[in-house]
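Comments concern the structure below.
The values are calculated or read from the model by the stated rules, or taken from the named source; none is laboratory data. Keep in mind it's a predicted model, so treat the numbers as computed, not measured. No Cβ is skipped: glycine too gets one built from the backbone with ideal geometry, and neighbour counts run over all protein chains shown.
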Amino acid sequence: MDSYDAKTIEQKWQALWETEQVFHVANEAPGDSPDEQHFYMLEMLPYPSGSLHMGHVLNYTLGDVVTHFKRRHGYKVLRPMGFDSFGLPAENAAIKDGGHPLEITERNMEAIRIQMRLMGWAIDWQREVSAHEPSYYRWTQWLFLKFFEHGLAYRKEAPVNWCPNDQTVLANEHVVDGRCWRCGFVVETRNMAQWFFKITAYADALLDDLATIDWPDRTKRIQTQWIGRSQGAELLFRVDELDIDIPVFTTRPDTLFGATFFAVAPESPLVDQLAEGMEQAEEVRSYASLSAARPTEDREQRAKTGVFTGRYATNPATGQPIPIWVADYVLMEYGTGALMAVPGHDDRDHEFAETYGLPIVSVIDEGGKLINSAQFDGVPADDAKGAIVEWLSEHGQGKPAINYRLRDWSFSRQRYWGCPIPIIYCEEHGAVPVPEDQLPVLLPEVDDYRPKGQPPLASNPDFINVPCPICGKAGRREADTMDTFVDSSWYFLRYTDPFNVQAPFDRAIADYWMPIDQYIGGIDHAKGHLLYSRFFMKALNDLGMIGVREPFQRLFHQGWVLLDGKRMSKSQGGVSPNELIDRFGADAIRIYILFYGPADQDINWSPDGIDATVRFIRRFWRVVHEAAAGPESPAAVDTPLARKAHETIARVTDDIDRRFMFNTPIAAVMELVNELSKAPDDPAARFAAETAVSVLQPWTPHVAEELWGVLGHGNERLWESPWPVADEAMLQRDTIELVLQVNGKVRDRIQVPAGLSEAELIEHARASEKVQAHLNGVERRVIVVPDKLVNIVV
RNA sequence: GCCGGGGUGGCGGAACGGGUAGACGCGCCCGGCUUAAAACCGGGUGUCCCUUCGGGACGUGGGGGUUCGAGACCCUCCCCCGGCACCA
């Protein structure tokens with residue numbers, strides 16, 4: 001017996017897998033084996049800003065176990081890999097260290113490919129896709145044009161989030177606590193013409209379809225809250241002097257009779273209109289411009305302020321005039337930018353009314369019924385909501401309405417390293433799409449891609465100055481590039497058909513594989529990537545390009561690998577998977593990262609225990625070799641060890657398949673190996689060894705393959721051998737341990753034959769001396785759980 | 001403020017439908033092998049008490065409850081983590 005040498009074994013099998021491309025799956029010709037079971041396994045693709053860290057190792061090893069498990073159940077498994085290769089980190093690295101983003105990106109990609117091969121992950125490398133390659137982004141541009149054509153991508157001037165450090169606009173999803181999610185700088189609001197995807201058109205679909213997918217509740221909740229659907233009403237408040245009706249959104253139409261003033265956001269275009277011609281016009285305008293300029297971040301911290309415009313609106317319920325104020329607690333971006341203020345039933349309105357001495361009227365009593373509300377007095381508030389809206393709607397002053405928190409996705413970025421937006425601006429024709437046959441619009445070389453507030457592409461005249469596709473007169477290309485989240489919103493579709501030069505993907509092929517059966521990635525993408533991709537899918541479905549409406553049928557979030565309490569990242573360094581592979585071997589690392597605990601739980605990184613994993617593999621190696629030296633196990637051998645082996649098959653299978661547990665199967669195999677080492681002469685020893693090797697294979701594909709050969713299966717390939725099936729009969733026990741309790745306390749444990757009647761079990765219980773010692777008193781009751789326990793209550 | 005997740009030995013965790021708490025592993029202790037160490041092998045290891053063979057009490061963040069029986073269910077409090085947040 002040779003001693004276990006991870007490096008030699010791992011190199012040997014990795015070389016074979018690569019040479020024979022064993023993890024490649026081909027697309028069937030249309031009509032071929034339509035009944036074949038297939039499975040699309042995907043983990044979120046890496047961002048090549050450095051090499052992989054232990055968080056990736058966890059992510060991709062999880063996917064790898066599922067891949068092997070499904071393959072060995074006869075599924076045709078698509079498990080591709082690619083790179084989210086456009087984006088700021090590569091560009092920032094290039095600016096910092098010199099060099100070109102392309103060079104840095106491709107260098108990192110190559111390092112990651114090498115790491116992935118060293119880990120032994122079962123990836124179909126023939127389908128590799130990278131966002132920055134023209135063969136890919138050509139289709140990102142093409143999809144953008146389709147969206148543009150159908151009004152799903154549009155350009156408008158709007159207040160957007162500006163990161164002063166990265167010198168670019170950010171989507172709402174990437175502003176965290178008022179700061180840039182990448183660099184942590186406080187985000188400013190700027191008015192800029194920007195490109196948006198009309199994700200709000202799908203707000204309801206994005207909410208409703210959550211019911212159709214198997215996702216963690218937590219993630220669904222994050223998306224639900226982010227979309228923020230509120231049911232309420234739109235009510236009109238008339239300003240007679242100006243002959244206008246101002247709409248407001250409210251979720252509490254039942255409190256309308258208590259609306260004692262009206263408030264408008266400082267940024268609202270109404271401010272000018274209201275102030276015009278009033279004696280306090282100057283005061284109002286300067287208040288509005290001052291408070292609008294305040295960073296949103298501290299707006300909520302301060303005491304509420306406001307100024308009276310001198311105008312009045314009519315409360316549609318009471319017919320009374322109520323003063324119109326401009327107030328900084330009114331948000332332009334929510335509802336209509338104006339609100340009816342009900343100080344009696346809203347804390348914020350109350351605070352404002354106290355500050356400025358405005359009337360406070362209570363319209364709901366302690367019993368939840370309306371008061372001071374004319375004909376609605378006595379109506380329960382919940383019923384009054386509908387009743388009041390209905391009453392108003394008869395006069396055209398209100399209607400039911402739904403409001404969302406979700407905003408359209410702003411995706412233009414004033415940076416270099418991204419997908420160019422295929423639009424040409426013409427004085428006469430406006431934003432003109434680049435004709436399809438001229439795609440891709442290649443990202444040109446530029447000398448200086450440092451952020452200067454102006455997009456770097458703007459300073460490249462050869463790129464910018466092009467004729468208008470419609471009239472041929474001088475035009476200008478769009479100089480912004482796309483958010484990288486556009487690239488990653490459809491990459492999983494390209495994997496299905498990566499070489500297509502006619503279309504981003506063939507619908508029949510994509511329909512065959514989609515939706516993704518199992519997606520694995522970090523929960524940090526809950527309201528970004530995972531929402532954007534769902535939007536893309538729905539839009540593509542509506543455009544007739546794909547047959548499904550949800551991209552990720554089942555979703556799992558791996559936990560974070562923490563180093564000193566912080567998430568591992570590439571920049572942080574510290575733990576290099578390469579070094580660990582070199583010292584301990586990939587199989588040991590794979591087991592180590594999955595044995596730590598449940599996969600959705602965070603891991604506090606510590607190298608303690610890696611030694612133990614290597615020790616286990618060595619022990620496994622030795623015990624299997626010993627069993628291999630012994631005789632073949634008879635076909636239907638029935639010994640305690642054989643039963644343990646069957647039980648292990650059942651446990652491992654159930655743990656992966658039903659429970660998505662990856663740590664407990666390792667423990668189950670360890671138990672089997674422990675028993676095997678204690679019973680080397682058991683006739684089932686060889687069978688037990690084969691079982692252990694076979695079910696551990698998804699975790700340790702290299703050493704398992706090697707040991708499969710040692711056990712005499714050298715002509716087979718374990719990675720494509722059927723998953724073992726436990727014999728039900730062998731899972732039945734003929735004796736069981738009966739727990740004997742008195743008053744719910746365990747007093748004895750005895751071995752009895754399985755399947756005894758209640759009376760027989762009670763008889764056994766009474767016969768126990770240890771039970772008898774505690775039976776001092778009147779027996780009141782006996783509880784029997786068949787084949788499990790007897791509890792005598794005295 | 002609103003919504004949600006979690007708290008089990010010295011440590012990571014197991015216990016899946018209310019039925020043996022602590023599987024498996026780390027660490028530690030004892031022993032074997034060895035000139036020695038490493039490696040490896042065997043045994044022990046929740047806390048406390050009965051000097052013992054054996055046995056007993058307590059024990060899953062605190063308190064209370066339901067139940068023959070609670071880590072699991074209910075109420076309440078404490079602590080940690082996440083999402084949303086002047087969202088009308």
**Asked** Quick one: in the stretch A:589-628, which of the residues that are touching a residue at least 40 places away in the same chain (Cβ under 8 Å) and either exposed (fewer than 13 other Cβ atoms within 10 Å of the Cβ) or polar (S, T, N, Q) (or both) is farthest from RNA strand B (Cβ to nearest atom)?
**Response** A:N604
**Request:** Name, by its number, the condition in (1) exposed (fewer than 15 other Cβ atoms within 10 Å of the Cβ); (2) touching a helix residue (DSSP H, G or I) at 6+ places or on another chain (Cβ under 7 Å) that does not hold for A:A15.
**Result:** (2)
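Results for (1) out of contact with any strand residue (DSSP E or B) (no Cβ under 6 Å at 6 or more places or on another chain); (2) at negative phi; (3) of a type in the set (A, V, I, L, M, F, W, C), shown as yes or no for each residue.
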{"site": "A:F485", "(1), (2), (3)": "yes, yes, yes"}
{"site": "A:D506", "(1), (2), (3)": "yes, yes, no"}
{"site": "A:A510", "(1), (2), (3)": "yes, yes, yes"}
{"site": "A:P515", "(1), (2), (3)": "yes, yes, no"}
{"site": "A:F536", "(1), (2), (3)": "yes, yes, yes"}
{"site": "A:L543", "(1), (2), (3)": "yes, yes, yes"}
{"site": "A:D564", "(1), (2), (3)": "yes, no, no"}
{"site": "A:M568", "(1), (2), (3)": "no, yes, yes"}
**Item:** Boolean, A:Y312 is among the hydroxyl-bearing types (S, T, Y), out of contact with any Cys (no Cβ under 9 Å at 6 or more places or on another chain) and not in a strand (DSSP E or B)
**Value:** no
**Asked** Which residues, counting only those in the stretch A:167-203, are closer than 17 Å to A:T481 by Cβ and either within 16 Å of RNA strand B (Cβ to nearest atom) or part of a helix (DSSP H, G or I) (or both)?
**Response** A:L170, A:A171, A:H174, A:R182
**Asked** Inside the stretch A:418-526, counting only strands (runs of 3 or more DSSP E) that do not spill past its ends, which hold 2 or more residues that are within 35 Å of the chain's Cα centre (by Cα) and farther than 20 Å from A:Q141 by Cα?
**Response** A:518-520
**Request:** Output the residues belonging to the stretch A:659-694 that are within 15 Å of RNA strand B (Cβ to nearest atom) and hydroxyl-bearing (S, T, Y).
**Result:** A:T664, A:S677
**Item:** Tally, over the stretch A:222-236, of residues that are within 9 Å of RNA strand B (Cβ to nearest atom) and buried (at least 16 other Cβ atoms within 10 Å of the Cβ)
**Value:** 5
**Item:** Pairs, first within 26 Å of A:Y512 (Cβ to Cβ) in the stretch A:9-27, second of a type in the set (A, V, I, L, M), C-beta under 7 Å, six or more apart
**Value:** A:F23/A:A122; A:F23/A:I123; A:V25/A:V77; A:V25/A:L78; A:N27/A:I509
**Request:** Filter the stretch A:88-104 down to residues that are touching a Phe, Trp or Tyr at 6+ places or on another chain (Cβ under 9 Å) and hydrophobic (A, V, I, L, M, F, W, C) and give me whichever is modelled with the highest pLDDT.
**Result:** A:L102
**Asked** Looking at A:T336, A:T355, A:T318, which one is within 16 Å of RNA strand B (Cβ to nearest atom) and part of a loop (DSSP other than H, G, I, E, B)?
**Response** A:T336
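The rows are residues; the columns are (1) surrounded by fewer than 20 Cβ atoms within 10 Å (Cβ to Cβ); (2) among the β-branched types (V, I, T); (3) in contact with a strand residue (DSSP E or B) (Cβ under 8 Å, 6 or more places away or on another chain).
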| position | (1), (2), (3) |
| --- | --- |
| A:E43 | no, no, yes |
| A:K70 | no, no, yes |
| A:P80 | no, no, yes |
| A:E91 | no, no, no |
| A:H100 | yes, no, no |
| A:M119 | no, no, no |
**Request:** Could you list, in sequence order, all residues of the stretch A:387-424 that are within 16 Å of RNA strand B (Cβ to nearest atom) and free of Cβ contacts under 8 Å to residues at least 24 places away in the same chain?
**Result:** none
**Fill in**
Within the stretch A:555-588, the count of residues that are assigned to a loop (DSSP other than H, G, I, E, B), more than 20 Å from the chain's Cα centre (by Cα) and modelled with pLDDT of 90 or more comes to 1
**Fill in**
Checked the stretch A:641-678 for anything among the aromatic types (F, W, Y) and either surrounded by fewer than 22 Cβ atoms within 10 Å (Cβ to Cβ) or more than 29 Å from the chain's Cα centre (by Cα) (or both); matches are A:F660
**Item:** Among (1) more than 25 Å from A:P323 (Cα to Cα); (2) free of Cβ contacts under 8 Å to residues at least 12 places away in the same chain; (3) small (G, A, S); (4) in contact with a Pro (Cβ under 9 Å, 6 or more places away or on another chain) - the single one A:G368 does not satisfy
**Value:** (2)
**Item:** Checking A:G277 against (1) surrounded by fewer than 17 Cβ atoms within 10 Å (Cβ to Cβ); (2) within 14 Å of RNA strand B (Cβ to nearest atom), the condition it does not meet
**Value:** (2)
**Prompt:** Which one is nearest to RNA strand B (Cβ to nearest atom) among residues in the stretch A:496-532 that are within 26 Å of A:D437 (Cα to Cα) and of a type in the set (G, A, S)?
**Reply:** A:A510
**Request:** Could you tell me whether A:I656 is under 16 Å from A:L731 (Cβ atoms), at pLDDT 90 or above and away from RNA strand B (no atom under 11 Å from the Cβ)?
**Result:** no
**Asked** What number of residues in the stretch A:204-220 are assigned to a loop (DSSP other than H, G, I, E, B) and surrounded by fewer than 16 Cβ atoms within 10 Å (Cβ to Cβ)?
**Response** 1
